[in-house]
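To keep things clear, I will list the structure first and then write my remarks on it.
Each value in this text was obtained by applying a stated rule to the coordinates, not by laboratory testing. Please read these numbers as outputs of a predicted model, since none were measured by experiment. When we count neighbours, we look across all protein chains shown, and the Cβ atoms used for this are built from the backbone with ideal geometry, even at glycine.
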Amino acid sequence: MKNIKWSKTTRKNFLTYGLVILAYVVMQILGGAGLVSSSLKGMLVPICAYVVMAVSLNLTVGVMGELSLGHAGFMSVGAFCGTSTAIILQDSISSAPLRLAISLVVAAIFAAIAGFLIGIPVLRLRGDYLAIVTLAFGEIIKSVFNNLYLGVDSRGLHISLLSDRTNLGEGGKLIIGGPMGIGGIQKISTFTAGFVLIIITLVVVFNLVNSRAGRAIMAIRDNRIAAESVGVNVTKYKMMAFVISASLAGAAGALFAMNYSTFVANKFDFNTSILVLVFVVLGGQGNMLGSIIAAAALTILPEALREYADYRMLVYAIILILVMLATNNPKLKSWMDRLKSSHKKVKEVA
Amino acid sequence: MMTFLNFLISGISLGSIYAIIALGYTMVYGIAKMLNFAHGDVIMVGAYICFYAISRFELPPVVGVVLAIAVCTVLGIVIERLAYKPLRSAPSLAVLITAIGVSYFLQNAALLLWSPNPKVFPSVVGDGKVELFDGKLTVSHVTIVTITACVIIMIVLTLFTETTKIGKAMRACSEDKGAAQLMGINVNATISITFAIGSGLAAIAGALLCSAYPTLIPTTGSMPGIKAFTAAVFGGIGSIPGALLGGLLLGVIEIFAKAYISTQLSDAVVFAVLIIVLLVKPAGLLGKQIREKV
């Protein structure tokens with residue numbers, strides 16, 4: 001057999017694909033054998049959505065190196081646009097998977113547009129100021145969707161802000177009802193769709209990171225001035241990463257929303273952004289596999305702690321603090337490094 | 001005209017509360033370079049302590065507030081010691097996540113200790129009102145006390161950081177921790193004191209906030225916390241006068257947006273103004289623009 005030498009990143013990327021596919025196959029087999037509890041079954045699509053969210057935020061935080069506290073805003077844009085599309089197309093396209101696919105694409109496009117518009121002011125700022133502006137945009141998006149009314153009737157789409165002035169004709173349907181959000185959604189999101197979306201996300205992100213553009217983005221992260229001085233267009237590459245990250249989050253939002261029969265804009269608030277950020281930081285910045293594992297584990301953890309009922313979120317908080325303290329403990333770190341280097345030595349000898 | 005004045009006064013009153021909270025954010029940021037997201041929840045703890053002291057143990061309001069300040073100061077020091085101090089040299093994102101963990105912890109501990117049922121907070125200064133211009137303009141006692149408290153806190157804090165030894169140590173640490181240590185300043189103790197002051201201020205803010213808006217639930221502190229954080233950035237994070245200016249402006253803008261634009265979209269307006277200000281002045285209104293050296 002020919003010995004193909006893969007680079008470390010390629011090996012790691014294939015490992016990530018492999019593990020995701022393995023997890024999907026195992027879940028399908030267990031599901032087929034009836035071994036999956038109903039509560040876990042209900043969480044499969046949200047887990048997929050959060051995994052995509054975590055990977056897309058990792059593109060912003062880990063690869064581009066900018067802290068975003070408003071990622072749930074893009075999720076919200078995707079959720080509202082995607083679900084609206086699905087409801088509008090309900091009668092014209094009967095195949096649910098096709099409708100879902102079209103909705104996800106529309107969600108991604110709208111979120112990308114939002115990402116581009118928000119990116120123009122945001123990417124001019126740096127550090128904590130950039131973080132606070134993304135937080136502000138997340139809150140603005142939430143407020144706007146909380147007051148947006150969208151209806152459809154034979155004359156087309158009607159949009160109004162603040163109060164319901166859509167004046168729908170006969171047979172018209174109110175899709176977005178302001179603070180009531182979207183109701184009457186057909187639950188067309190499936191675990192398979194979520195799995196496909198994760199794979200697409202990974203392909204997009206890995207290919208971006210390993211491309212010329214990706215190297216430029218990482219060069220900007222490591223040293224903006226040096227990158228600029230060798231002719232890297234900072235705004236262009238940052239915008240590229242930000243827009244791709246936003247569009248993936250939009251698709252994740254649509255997938256997430258269509259797993260429920262109803263949702264409101266407040267679902268995608270600051271806390272959701274923070275939740276996804278926790279996945280990214282715990283999984284390791286720039287480490288996509290870590291993000292996936294952290295997103296899946298931390299979505300299941302509060303459920304797994306259900307027997308402690310009231311104490312579960314308290315336990316969750318304590319675990320979060322302890323993990324952060326442990327992973328940043330200098331003693332533990334040097335011990336881990338020693339372990340790693342001795343492991344390497346063994347390999348070299350062999 | 002009178003309605004305008006009324007709105008302006010309630011805006012300044014709300015802004016004063018934001019300013020007091022923002023002071024805590026800005027001082028901690030200035031010295032520890034961390035976004036302390038748990039600050040909003042310290043406000044909530046302070047408000048609960050004050051609530052129980054006044055309505056359960058029937059202590060006079062002043063004692064209740066002092067008790068809340070004492071508890072929050074200790075809480076601030078404990079949080080700093082246990083959660084933030086071990087992460088002094090860790091990347092800032094790790095500290096941020098830990099702060100979020102502390103915030104979750106406080107909220108859920110409050111949920112268990114004090115139940116999610118909303119409490120009706122008794123005003124610490126009574127329900128009195130002052131009527132001006134033949135009753136056309138009414139100013140509640142809460143408003144007067146809030147604004148006065150904010151002014152006093154600002155003056156005391158400015159004098160404290162400008163003249164006292166600890167205050168000077170704080171300024172030195174925020175400028176250059178390494179150099180401060182070489183000059184014999186105990187950096188760890190200084191950071192602890194900063195947290196203590198910030199948390200004590202949060203307790204005052206909690207009592208005033210809940211006197212003006214009397215519903216108290218375990219998440220009471222989060223939205224004012226975020227707004228005050230915005231105010232701190234607005235004025236230039238790390239700057240004490242900036243926190244005052246940012247807080248006041250934010251409060252006034254919020255009340256005017258509620259009155260003249262739309263109640264539901266007021267938050268959106270506040271954040272939009274923040275974005276515009278940061279685009280024109282990327283380091284906030286009074287923030288120092290640090291030049292990058294290559």
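How many Cβ atoms of partner chains, on average, are near each residue of A:314-320 if near means within 10 Å of its Cβ?
For this peptide, the per-residue mean of nearby foreign Cβ atoms is 5.
Looking only at Cα atoms, what is the convex hull volume of region B:7-93 per residue, in Å³?
113
With 10 angstrom as the radius, rank B:50, A:81 by how many other C-beta atoms surround their C-beta, starting from the fewest.
A:81, B:50
Karplus couplings for region A:207-212 from phi (6.51 cos²θ - 1.76 cosθ + 1.60, θ = phi - 60°), rounded to Hz, Gly and Pro as x?
5, 5, 5, 8, 9, 4
Going toward the positive end of the dipole of the protein assembly as shown, with +1 on Lys and Arg Cβ and -1 on Asp and Glu Cβ, which of B:57, A:210, A:23 do you reach last?
Projecting each Cα onto the dipole axis, the largest value belongs to A:210.
Which of A:41/A:331; B:136/B:258; A:238/A:333 have a Cα-Cα distance over 30 Å?
Going by Cα-Cα distance, A:41/A:331; A:238/A:333 fall outside the 30 Å limit.
Once the other residues with Cβ under 15 Å from the Cβ of residue A:123 are scored (Lys, Arg +1; Asp, Glu -1), what is the net sum?
Value of the local net charge: +3.
Which one, B:122, B:9, B:27, projects farthest toward the positive side of the charge dipole computed for region B:2-221 from Cβ point charges (K/R +1, D/E -1)?
Positive-most Cα among the choices belongs to B:27.
Just tell me how shielded B:258-271 is by partners: mean number of partner chain Cβ atoms within 10 Å of each residue's Cβ, no decimals.
Across B:258-271, the average partner-chain Cβ count within 10 Å equals 4.
Tally Lys and Arg at +1 and Asp and Glu at -1 over the other residues with C-beta under 12 Å from the C-beta of residue A:217: what net charge comes out?
Taking every other residue near residue A:217 into account, the sum is +4.
Show that you can apply the helix-only estimate: for chain B, add -39,500 (n - 2.57) for every DSSP H stretch of four or more residues, divide by all residues, and state [θ] at 222 nm to the nearest 500.
-23000 deg cm²/dmol
In region B:2-221, with Lys and Arg counted as +1 and Asp and Glu as -1 at Cβ, which of these residues, B:78, B:144, B:43, has the Cα nearest the positive end of the dipole, that is, farthest along it?
So the residue we want is B:78.
How high is the FRET efficiency between residue A:93 and residue A:210 when r is their beta carbon distance and R₀ equals 51 Å, given to the nearest 0.05?
My answer for the efficiency is 0.90.
Kindly provide the pair-distance distribution of chain A built from C-alpha pairs, with 20 Å bins from 0 and whole-percent values in order of increasing distance.
Percent of Cα pairs in each bin: 28, 56, 15, 1.
Between residue B:70 and residue A:161, how high is the FRET efficiency from 1/(1 + (r/R0)^6) when r is the Cβ-Cβ distance and R₀ = 56 Å? Nearest 0.05.
The computed FRET efficiency comes out at 0.75.
For residue A:187, which aspartates and glutamates qualify as cross-link partners when the Cα separation must be under 18 Å and same-chain residues fewer than eight apart are set aside?
A:91
Once you keep just the Cα pairs under 8 angstrom separated by 6 or more residues, what percentage relative contact order results for chain A?
Averaging sequence separation for qualifying contacts and normalising by length gives 29 percent for chain A.
Let me know the shape class of region A:1-158, please: from the alpha-carbon gyration tensor, a ≥ b ≥ c as square roots of the eigenvalues, rounded when a/c is under 1.5, otherwise prolate if a/b is greater than b/c, or oblate.
Since a/c reaches 1.5 but b/c is at least a/b, the shape of region A:1-158 is classed as oblate.
Could you give the size of the charge dipole of chain A about its Cα centre, using +1 on the Cβ of each K and R and -1 on the Cβ of each D and E, expressed in debye and rounded to the nearest 20?
For this selection, approximately 1540 debye.
Given the DSSP H assignment, sum -39500 (n - 2.57) over each helix run of at least 4 residues in chain A and divide by its residue total; what's the result at 222 nm in deg cm²/dmol, nearest 500?
Result for chain A: -23000 deg cm²/dmol, rounded to the nearest 500.
Would you give the gap between the C-alpha center of region A:7-32 and the C-alpha center of region A:136-164, rounded to a whole Å?
40
Can you sort A:158, B:141, B:39 by how many other beta carbons sit within 10 Å, fewest first?
In increasing order of surrounding Cβ atoms, one gets B:141, A:158, B:39.
Please turn the phi angles of region B:68-81 into ³J(HN,Hα) values with the Karplus equation 6.51 cos²θ - 1.76 cosθ + 1.60 (θ = phi - 60°), one per residue in order, whole Hz, x for glycine and proline.
4, 4, 4, 4, 5, 4, 4, 4, x, 5, 5, 4, 4, 4
Could you grab the Rg to Rh ratio for the protein assembly as shown? Cα atoms only, Kirkwood for Rh.
With Rh from the inverse mean 1/r over Cα pairs, Rg/Rh is 0.98.
How large is Rg over Rh for region B:2-221, taking Rg from the Cα atoms and Rh as the Kirkwood inverse mean of 1/r across Cα pairs?
Using Cα coordinates only, the ratio equals 1.01.
Can you pull the one-decimal nm distance between simple spin-label points at residue A:304 and residue B:141, each 7 Å off the Cα toward Cβ?
Those two pseudo-labels are separated by 5.5 nm.
What FRET efficiency comes out for residue A:334 versus residue B:168 if R0 is 35 angstrom and r is the Cβ-Cβ distance? Round to the nearest 0.05.
Step by step, r from the Cβ atoms, then E = 0.45.
For every other residue with a beta carbon closer than 14 angstrom to the beta carbon of residue A:260, add +1 if it is Lys or Arg and -1 if Asp or Glu, then tell me the sum.
+2
Full extension from residue A:222 to residue A:39: what is 0.36 nm times the residue separation minus their Cα-Cα distance, to one decimal in nm?
Length gained between residue A:222 and residue A:39: 61.6 nm.
Could you check the spin-label model distance between residue A:200 and residue B:160? Points 7 Å from the Cα along Cα→Cβ, value in nm.
Going by the 7 Å Cα→Cβ label model, 5.5 nm.
Based on Cβ point charges of +1 for Lys and Arg and -1 for Asp and Glu, what charge dipole magnitude is obtained for region A:161-310 about its Cα centre, in debye rounded to the nearest 20?
Value, rounded to 20: 540 debye.
Under a point spin-label approximation (7 Å from Cα along Cα-to-Cβ), what is the residue A:12-residue B:130 distance to one decimal in nm?
6.4
For a footprinting-style exposure proxy, rank B:103, A:341 by other Cβ within 10 Å, fewest first.
Lowest to highest Cβ neighbour count: A:341, B:103.
Enter the Cα centre distance for the pair region B:236-294 and region A:303-318, rounded to the nearest angstrom.
Using only Cα atoms, the two centres lie 38 Å from each other.
Just to confirm my numbers, what's the Cα centroid distance between region A:35-50 and region B:1-63 in Å?
41
At 0.36 nm per residue, minus the direct Cα-Cα distance, what do residue A:28 and residue A:319 gain on full extension? Give it in nm, one decimal, please.
101.7 nm is the gain from fully extending residue A:28 to residue A:319.
Compute, for region B:2-221, the length of the dipole vector about the Cα centre, with Cβ point charges of +1 (Lys, Arg) and -1 (Asp, Glu) only. Units Debye, rounded to 20.
Value, rounded to 20: 480 debye.
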